[in-house]
Amino acid sequence: MSDDDLQTDGGTASALPGESHGDDAHLPPKSSVKRWLVTTNHKDVGILYTVTAMFFVLFGGVLALLIRAQMLSPRAPGTGPLSAMAYNQAVSLHGLIMVFWFLSPLAFGFANYIVPLQIGAEDLAFPRLNALSYWLYLTSGLLVFTSFFQGASFAGGWTMYAPLNIPAFMPSIGATTTVLALLMFTVSVTVGGVNFITTIHRMRAPGLTMRSLPLFTWSILLTVWMMLFAFAALLAALMILLSDRLLGTTYFAATTAGGSVLWTHLFWFFGHPEVYIVFFPALGAMAEIFQTFSGRRIVGRKWFIVSMVLVALQSFIVWMHHMFLTAINLQVKTLFMATTIGISLPFDLMVFALIYTLIKGRIRWDTPMLFAFGSLVLFIVGGITGVFLGAVVLDYEFRGTYWVVAHFHYVMVSGVTALIGGLYYWFPKMTGKMYDEFLGKITFAVYFTGFNLLYFPMFLAWGTPRRVFAYRPEYLVWHQVASVGGLILGISFLMVIYNLTKSLLSGEEAAGNPWPYSTTAEWAVSSPPPMENFPGTPSYTSGVLEFLGDDESSESSSGTAAADGGTATDGGMVVHEGDHEEEVHIDHASYWPLVIAVFSFIAAVGLSGLQLGSYPEGLGGTFYMATSLIGSLGVIGAVSGMGYESFTAHEGGAGEAWPFEGVENTKLGIWVFLASDVVLFGAFIGAAIFIRVDYGWMQWQPVPHTAIPGLVNTYLLLTSSFSVILALVAAQKGSRNGVLAGLVTTFFLGIGFLVNKAIEWIELFHEGVWLSTNVRASTYFLTTGLHMGHVVAGLLITAYLIWRAWGGAYTDGNDEPLEYFGLYWHFVDIVWLFLFPLFYII
Amino acid sequence: MILDAIAASILQSGIVPEGTRVQVFQEIYWVFLGLGTLVGAVVIGYMLYNGYKYRYQGGEDKDEDRPKLGEIPTGGGKGKKLFTSLTLSAIIVISLIAWTYGTLLYVEAAPEQPDAGVDVHVEGYQFGWDFTYLNNAGNSTGVETTGTLRVPVDTRVNIEVTSRDVSHNFGIPGLKVKTDALPGYTTKTWFEASQTGNYTANCYELCGQGHSYMEATVVAMEQDEYEDWYASQQNQTSTQNSSTVAAGGA
């Protein structure tokens, strides 16, 4: 059977006869701006992410070209196209924009579009939250852009080390804005993580076990699990930094015990998993492309998955290899040297797996394969040079030099290379048009040449210190070659954008499956897919992908064989005709995500003006204050609006849902969110303990004079948890009064907590003890303040629940909101049980 | 105890590089570079070879079991070959690192003669370096310089490094020594110059606008020239002290 016979039969899953494209009727057409502002469909959001990411690569790329222009020759003081301050901003924002605003969003553009298709879901678990993730991403990027106009943007490296990052050394408002932007981005990522974890676990088609998941979906699943925990640590670091900048706490001051190293620990605990978060989707894309274009199944697929899981877990125990030159002791250095080498081993396995997949293949060297293959070559170079850095004695010399810069660009940008391959690979699916193949091949040649001309000389000139533009004359020629290479690489990106834009407008129509040997479900539907993705309910229970009609799908999920009626056995998919009426109306649009993001942007702009506890004088200060107020109120209002809006999304659990069978989507989402909140508080508590150990544990006096108010608060909170449980029990019994009694009790107990705390804090304030007094006060007020913020949020939700319960909600069998709120409230109480002894007693 | 004994015997066996930091670094660096280039060339060459050999050339497909759309994924087999390759690369990588671990122990070991050698306290600031010479008790001898560090050749120089403002990093590339300069912390390391001459020290941690120009000069001198210079510095200090005492003022 030759390749020409290898056509999928039912490959184009267009609408069945008699069914109109009614799904799209609820949304404005794709040509209208409004469509893109209100859509919550995963395919639209995926396109938004991908296109926006390409804008940010240009932004970060321009900054890179500015860096390379400055590096064309060693610069004497006052010479060169950039001033020292401008150069420091350029290197810092280049890193921040590329890592945060380009790489992961590009990957998540694909994840959004492709993962639901691959697992047989019709959308993500929480479509409005998905749109919210995107709009927060976009507005946080606009905030970065804004920061350049507020004095100066952040100029302390993408690593933002302390104490350079505090106002004493970096006073510009733009620096604060950059940190706020990153915080907003972190919120976007956390929301997205909750969404993808819930979706991939609970919304898979029947028969699609975890082991059968496509490798790209596996890579995204592990990425979002890592994101959930790593970004919580970053969130803590950013909140503490913002507290130092906005409120005047002294966590990171040069004189604070442990201040400089505390930041390093918090940042790198996040930072190391982050590099795998950035790389994993590229790895997943590589696996898909290698398999599809060589026509051979991935060798050792099971071990590939095991390796990815191992890397995801190990990524959290290597971070101190970024700190080998700090004052950590030899035993700790040895431990992290060992764990760092340990994490290279699963990568070795995955590299070999990909290479062996080529053997006995029928490799088509189309553009996606060129980029994926090229990416693996570059990754191998980067990986080998990383082993150098894991040898501590070598790292002693490579630290802070261009060896590190060259190494991480080889590994990170090899990830970009694979994602560009993914872009060409999935472009036909996402747009319905085929890109220009010949131009694609030329682009790869230019790209690969530019890449190596830019980054390889950095190894040869590795003695150049990082973030420095005055270097030894013997490195001159290498830096000149690198600058030329940078230009060529930049041109290749423009070629990519040109090719895809031109093809979008006037390219050939693409088939549902333009790639022989592709296997995953996205290729079994039309290009682009219809709104509800599939012509039936996807199912793998028969051993291959099938699309079942309504009557058949209910049978298959109960375990019996799918109804017959013409099942073809040639290995293609089967499309059953049958009734496919929508019984439940599914929503696809909401404007609240956009509104929340816009008000968040406004609030962040306003907050950036706050410095060390006060706004500046005059008109500027008034502007910032007013903006903060409007933004904050707007966010609260918009979140309430979104909560009140009626929105029906697809539910999960009909297919595979391991290990969360029986845990409904929203409940799972809340558990996952709470898991990240645990890490957030863990980081805050860890920070307080770290500082206290460095300060001298026994010399540290608790800030509150007496533990009595804390004890009272403990009783108030515990009782309020109990009253929430009573409210839930009353709801299950259908007693409206019982529900109201329970909720109102909770509300007033919570108010009691706040009043008690206010009294305590006012007394301290009158004694002159406030946030900025000393680091004991800083840790006390900020950590218990974070908890108090959680209490306030909980009380706002309680008020909302009371209002709805008054109207009769929750006693009609629909008591889940009470249960979910209970989970959150119990979590808040449990956190207090840790904070009380830590800050009042020991 | 057992680990100490193993470490001691490894260090004495001669496998582990010893000498100045420059000698130690060069040896390890070239071994890594050689092996790394070899491994990279072999692996990438193998990739390119297979990529060429198994390129699509049309015609009949002898292997009918190609991936099919809609199939449930199965592994592609060949697990044994995978684990052989993994084991081989693991052996290479782990033994390389174990070898460098021996050197790490050597570099981090306490000096054989703690009182011999020169002790200097290095303090970084935005944007320069201050040097204070210390006696064996760790106290300042009164000899202080800024921007230039003079040391004798063939003598172990122990430095303890800190910062008085933001985080910096003190590194002398010509002498292959480097350590962080962190406010509130002191990091310790050592170096030994085997040739006289001037060496540049740079800052390797972004510290503000003057980062690119935050340099110091390390001057390695003959032993007797160094002692002459040091003595003159001490005389100046004591002269200053006695003149201030004579003037009766602070």
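What to note about this one:
- Of the whole protein surface, A:Met98 contributes about 40 Å² of accessible area at a 1.4 Å probe radius.
- Order of exposure, largest accessible area first, which applies to B:Val151, B:Val39 with probe 1.4 Å: B:Val39, B:Val151
- FRET efficiency estimate (nearest 0.05) - Cβ-Cβ, A:Val729 to A:Lys360, R0 51 angstrom: 0.20
- For the stretch A:177-182, the Karplus equation 6.51 cos²θ - 1.76 cosθ + 1.60, evaluated at θ = phi - 60°, returns couplings of 4, 4, 5, 4, 4, 5 Hz by residue, with Gly and Pro reported as x.
- The accessible area of A:His479, taken with all protein chains in place and a 1.4 Å probe, comes to roughly 0 Å².
- Taking θ as phi - 60° and the Karplus parameters 6.51, -1.76 and 1.60, the scalar couplings of the stretch A:820-829 work out to 5, 4, x, 4, 4, 5, 4, 4, 4, 5 Hz in sequence order, x denoting glycine and proline.
- Three-way shape call for the stretch B:118-249 based on the alpha-carbon gyration tensor, with the a/c threshold at 1.5: oblate
- Using heavy atoms of the protein chains and a probe of 1.4 Å, the accessible area assigned to B:Thr37 is about 90 Å².
- Kyte-Doolittle mean at least 0.5, axial Cα span of 30 Å or more - DSSP H helices of chain B: B:21-53, B:79-108
- Rounded to whole numbers, the Karplus 3J(HN,Hα) couplings from phi for the stretch B:170-184 are 9, x, 10, x, x, 10, 6, 9, 7, 7, 5, 10, 10, x, x Hz, using 6.51 cos²θ - 1.76 cosθ + 1.60 with θ = phi - 60°, and x at Gly and Pro.
- Mean silhouette area of chain A, derived from the convex hull of its C-alpha atoms and averaged over all directions, reads 36.6 nm².
- Altogether, the Stokes-Einstein calculation at 37 °C and 0.692 mPa s, with the Kirkwood radius of the stretch A:351-477 over Cα pairs as Rh, returns a diffusion coefficient of 201 µm²/s.
- The alpha carbons of the stretch A:435-532 occupy a box of 59, 26, 24 Å along the principal axes, longest dimension given first.
- Solvent-accessible surface ranking, highest first, for B:Asp115, B:Asp63 at 1.4 angstrom: B:Asp115, B:Asp63
- Rounded, prolate or oblate (a/c below 1.5 giving rounded, otherwise prolate when a/b exceeds b/c) for the stretch A:729-806 by Cα gyration tensor: prolate
- Each Lys and Arg Cβ is given +1 and each Asp and Glu Cβ -1; about its Cα centre, chain A then shows a dipole of about 3360 debye.
- Cross-link table A:Lys34/A:Lys433; A:Lys30/A:Lys429; A:Lys43/B:Lys68; A:Lys360/A:Lys441; A:Lys360/A:Lys429; A:Lys333/B:Lys178, entries beyond 20 Å C-alpha to C-alpha: A:Lys34/A:Lys433; A:Lys43/B:Lys68; A:Lys360/A:Lys441; A:Lys360/A:Lys429
- Protein-only accessible surface at a 1.4 angstrom probe places the residues A:Lys441, A:Lys30 in the order A:Lys30, A:Lys441, largest first.
- Net charge of Cβ neighbours under 10 Å - reference B:Asn169; Lys, Arg +1; Asp, Glu -1: +1
- FRET efficiency, A:Tyr644 to A:Thr719 (Cβ-Cβ, R0 41 Å, nearest 0.05): 0.90
- Expressed in Å, the radius of gyration and Dmax of the Cα atoms of the stretch A:704-842 are 16.6, 53.
The values are calculated or read from the model by the stated rules, or taken from the named source; none is laboratory data. It should be emphasised that the depicted structure is a prediction, and the values quoted were computed from it without experimental measurement. Backbone-built Cβ (ideal geometry, glycine too); neighbour counts: all protein chains shown. Areas reflect the complete protein model, heavy atoms only, side chains present, ligands, DNA and RNA absent. Shrake-Rupley method; radii C 1.70, N 1.55, O 1.52, S 1.80 Å.
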